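Below you'll find the structure, written out as structure tokens, and then a few comments.
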């Protein structure tokens, strides 16, 4: 087993591959993360995403175009629970720079900014409704994990972990998931996993605890009774979307929806309960 870690997209990236002499594949996977960060980061003034948010329209390259398409499709199928147009709401809440630089405490946050803004795609051109900006942080990480897994898999069975967004190719991969009273191990076979929670990226403004998971309908940090939810899906993009959507549903509704859809989910509540859903027992 060969392993590499590095920083990209505001988190620690871990690459694992069952192979020897896999430096070329590891190099290619790492380059893919840095390449996609240079396109999709809202924190880089020279990224394609920042240009789109500044100018309101862009003739997009294939990766930005694809991630925006995926994000809009996710908004449609989740009924707006997942929405890429939360950019201004996240900024108003205080997450206006890389998380490492966000002050832990400060004055009152800005007024909440509900999402749901218009985004139009015509060919490779993306156009934003006036005043709309988009954030591709979570779905961008899932997309990058999947893209990086492709060159890594040329060396052997592999796992890519982008701050909890996990993509795999081949092999069997045990992954520990924190519950309310310990750790549960899930086995991934060519599948993916993502976790959404309000217990890590948190800060205070005006004495109020805030977090990065925005309720698009209100523009404020979501008041979910879920602390953390982990889901398994076919790929890391779907896992990221499902984790965010089910987090916003609330604990009991998340379990009901996961069971109905057959989505394996570990749901940890603020009351200390852990619910297993979607076939997990």
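No value in this document is a laboratory result; all are computed from the given coordinates. Predicted model only: the values in this text are computed from it and were never measured. Here the Cβ positions follow ideal geometry from the backbone for every residue, glycine too, while neighbour counts run over all protein chains shown.
Assuming 0.36 nm per residue, please report the length gained on full extension of the stretch residue 35 to residue 59 beyond their Cα-Cα distance. Show your work: numbers first, answer last.
Numbers: separation 24, 0.36 × 24 = 8.64 nm, distance 1.81 nm.
Gain on stretching residue 35 to residue 59: 6.8 nm.
Considering only 170, 106, 156, the Gaussian network model of the chain with Cα springs below 10 Å gives its largest mean-square fluctuation to 106.
Counted by neighbouring Cβ atoms within 10 Å, the residues 271, 83, 63, 96 run from fewest to most as 271, 96, 63, 83.
Note on the chain: helix-only mean residue ellipticity at 222 nm, from DSSP H runs of 4+ residues weighted -39500 (n - 2.57) and normalised by residue number, equals -10000 deg cm²/dmol. Can you match mean projected area of the Cα convex hull in nm² to one of these, (1) 21.7; (2) 23.0; (3) 14.4, based on a calculation from the structure here? Identified label for the calculated read-out: (3). If a paramagnetic tag sat 7 Å from the Cα of residue 273 along the Cα-Cβ line, which residues of the range 210-226 would have the backbone N under 16 Å from that point? Only 224-226 fall inside the zone, counting backbone N under 16 Å. When the chain is treated as a GNM with alpha-carbon contacts under 10 Å, the residue of 121, 139, 166 showing the greatest mean-square fluctuation is 121. On the beta carbon distance between residue 129 and residue 172, with R0 = 35 Å, the FRET formula returns roughly 0.15.
The distance separating the Cα centre of the range 213-275 from that of the range 97-137 comes to 21 Å. Distance between the 7 Å Cα→Cβ label points at residue 202 and residue 108: 2.3 nm.
Residues in the range 89-122, backbone N under 17 Å from the label point at residue 51 (7 Å along the Cα-to-beta-carbon vector): list them, ranges by number please. Residues 122 fall inside that zone. Summarising the label geometry, the points placed 7 Å from Cα in the beta-carbon direction at residue 3 and residue 98 lie 2.4 nm from one another.
The mean sequence separation of alpha-carbon pairs under 8 Å and at least six residues apart, normalised by the residue count of the range 2-277, gives a relative contact order of 19 percent. Go ahead and set up a Gaussian network model of the chain, Cα springs under 10 Å, then flag whichever of 217, 101, 196 fluctuates most. The residue with the greatest mean-square fluctuation here is 101.
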